[in-house]
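Chemist: Encoded as structure tokens, here's the structure I'll be asking about.
No lab work stands behind these numbers, since they all come straight from the coordinates. What you are looking at is a predicted structure, and each value in this text was computed from that prediction instead of being measured. Glycine gets a Cβ as well: all are built from the backbone with ideal geometry, and neighbour counts include every protein chain shown.
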Amino acid sequence: MEETPNPVSGATPERATIFAVANQKGGVGKTTTAVNLAACVAEAGYATLLVDIDPQANATVGLGLTKQEDPNVYDVLSGDVEIKAAIKASAIPNLSVLPSTPELAGANVELPRVAGSETILHDALEPLRDEYRFIIFDCPPSLGPLTVNAMVAADRVIVPVQTEYFALEGLADLLDTVGLIQRELNPRLSIAGLVLTMHDGRTRLAEDVEAEVRKHFPGLIFDAVIPRNVRVAEAPSFGVPVIHHDPHCAGSGAYFELAKEVALRG
């Protein structure tokens, strides 16, 4: 494999900053962003933990693990195991994974029945904040109990937005949810930014959507724009992030630029 560039820079705090990558719309590049952002900051030498809180377990598979890893995040949420026992090493130096499983879908029913369940991940991760510099959640495409748990644990939310016609659809609901969690459960939570994904610079539509989103959310949009790129799309089938599949493609460069912005914003 070719040597991977290492251009991420920026000051990070002594304790981990926790990011939730979230959007209730599916197919917007959420998992791809979580996996590649985690891989980029790990490549820069920062101890990083990717927490897959999506029952589809695509982030888990995208880093070379299986959907049958045992124990996993569902066991942590159920209180059956300590979080450290469920964390797995990935093939990427400095990057660990708390894997998901399809069984996690049951947590959407079980969590609301447990008093104080919104803080389970927050409480489990708190002792680990001295061991990592970045903790990144891949959230499910919904605003249900799993996403709420991730946001209660998080410091910042990163929102992938696909540059297509319905880009703004649902964003108001997502931002309202962030505001509600900030008021009721997690006062430190804030929006780190919106990242434009699957951008096809050859089309007028993509340019128009980008301009519209930047107009609606001034100051919140990351400068880095993730292009629609075949290398990005095929990397998960090899169980690696795109920066290891093809470190010099346009998608890899865009994710490194995003990682630099995230590190600088803190």
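Chemist: Using DSSP, restrict attention to beta bridges with both residues in region 1-136 and report what percent are antiparallel, rounded to the nearest 5.
Modeler: In region 1-136, DSSP labels about 15 percent of beta bridges as antiparallel.
Chemist: Same structure, new question: What number, rounded to the nearest 500 deg cm²/dmol, is the helix-based mean residue ellipticity at 222 nm of the chain, given -39500 (n - 2.57) per DSSP H run of at least four residues and division by all its residues?
Modeler: Mean residue ellipticity, 222 nm, calculated: -10000 deg cm²/dmol.
Chemist: Here is a further query. At a threshold of 8 angstrom on Cα-Cα distance, excluding pairs fewer than six apart, so keeping six or more, what relative contact order does the chain reach in percent?
Modeler: That works out to 28 percent.
Chemist: A further question on this structure: Normalised by the number of residues in region 128-215, what is the relative contact order in percent for Cα pairs under 8 Å and 6+ residues apart?
Modeler: 33 percent
Chemist: Using a Gaussian network model of the chain with C-alpha springs under 10 Å, which one of PRO160, PRO127, PRO227 is most mobile by mean-square fluctuation?
Modeler: Taking springs between Cα atoms under 10 Å, the residue moving most is PRO127.
Chemist: What residues have an amide H closer than 5 Å to that of ALA192, excluding those fewer than 5 places away on the same chain, when H is modeled at 1.01 Å from N in the peptide plane?
Modeler: VAL157, ILE158
Chemist: Need the list of aspartates and glutamates near LYS84 for cross-linking: C-alpha distance under 16 angstrom, and skip anything on the same chain fewer than eight residues off.
Modeler: Hits, sequence-local ones excluded: ASP52, GLU69, ASP70, ASP75, ASP123, GLU126, ASP130, GLU131.
Chemist: On to the next question. Let me have the relative contact order for region 21-128, percent, based on Cα pairs under 8 Å that are six or more residues apart.
Modeler: Relative contact order, region 21-128: 28 percent.
Chemist: Taking every DSSP beta bridge with both residues inside region 17-265, roughly what % is antiparallel (nearest 5)?
Modeler: Rounded to the nearest five, the antiparallel share is 5 percent.
Chemist: Using a Debye calculation, one point per C-alpha and no hydration shell, please list log10 I(q)/I(0) for region 97-224 at q = 0.14, 0.17 Å⁻¹ in order.
Modeler: -0.72, -0.98
Chemist: Neighbouring Cβ atoms within 10 Å as the yardstick, rank TYR74, TYR165 fewest first.
Modeler: Ascending number of Cβ neighbours within 10 Å: TYR165, TYR74.
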